[in-house]
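Before any comments, here is the structure.
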Amino acid sequence: MISLLFTLNAVETSVVQLVAPSSVPTPLLDGVFWMAAAACAVAQYFIVRAVWKVIPAGTGSPHVPVPRRAQEILWVLLPVLLLLGAFVGAWRQLHPPVSPASNPSTNSGAPDSAAPDSAAPRA
């Protein structure tokens with residue numbers, strides 16, 4: 001199981017490097033991301049709606065078990081949660097968090113070179 005996770009992580013990393021090279025502009029990738037998210041949201045909405053409205057109260061045969069509404073809805077919501085996790089992971093890959101050390105706009109406690117030195121004597 002662990003080797004499968006390492007393999008999937010390596011495949012994910014190579015796919016992200018293949019699909020999202022640094023030469024592709026971020027707005028283009030964001031647009032593709034949001035189009036995919038919208039398409040999945042619409043599809044999942046119709047799947048959930050179909051299961052919510054269409055679960056029969058009984059079956060035509062005594063040999064076929066009656067579906068349990070809560071169980072059917074749980075099996076429909078599981079892919080929704082997995083897709084949500086996949087989209088969160090993809091968003092984090094596209095927009096990694098910026099550490100304070102690599103961000104030059106944050107003040108690291110050093111005096112600003114553009115600010116006048118208050119201790120310097122004035123002429």
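The values are calculated or read from the model by the stated rules, or taken from the named source; none is laboratory data. What you see is a predicted model; the values in this text were computed from it and never measured. Neighbour counts are summed over all protein chains in view; Cβ atoms, including those assigned to glycine, are modelled from backbone coordinates with ideal geometry.
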(request) Quick one: in segment 64-79, of everything that is within 29 Å of the chain's Cα centre (by Cα) and farther than 14 Å from residue 52 by Cα, which residue is surrounded by the fewest Cβ atoms within 10 Å (Cβ to Cβ)? (result) 78
(message) Within segment 45-54, does at least one residue satisfy the condition of being part of a loop (DSSP other than H, G, I, E, B) and at pLDDT below 80?
(response) no
(request) Out of the residues in segment 61-90 that are within 19 Å of residue 44 (Cα to Cα) and either of a type in the set (Phe, Trp, Tyr) or in a loop (DSSP other than H, G, I, E, B) (or both), state the one that is modelled with the lowest pLDDT. (result) 75
(request) For residue 111, indicate whether it is assigned to a loop (DSSP other than H, G, I, E, B) and either at pLDDT 85 or above or over 26 Å from the mean Cα position of the chain (by Cα) (or both). (result) yes
(request) Read through the list (1) at pLDDT below 75; (2) under 16 Å from residue 95 (Cα atoms); (3) part of a helix (DSSP H, G or I), then give the number of the only condition that residue 32 fails. (result) (1)
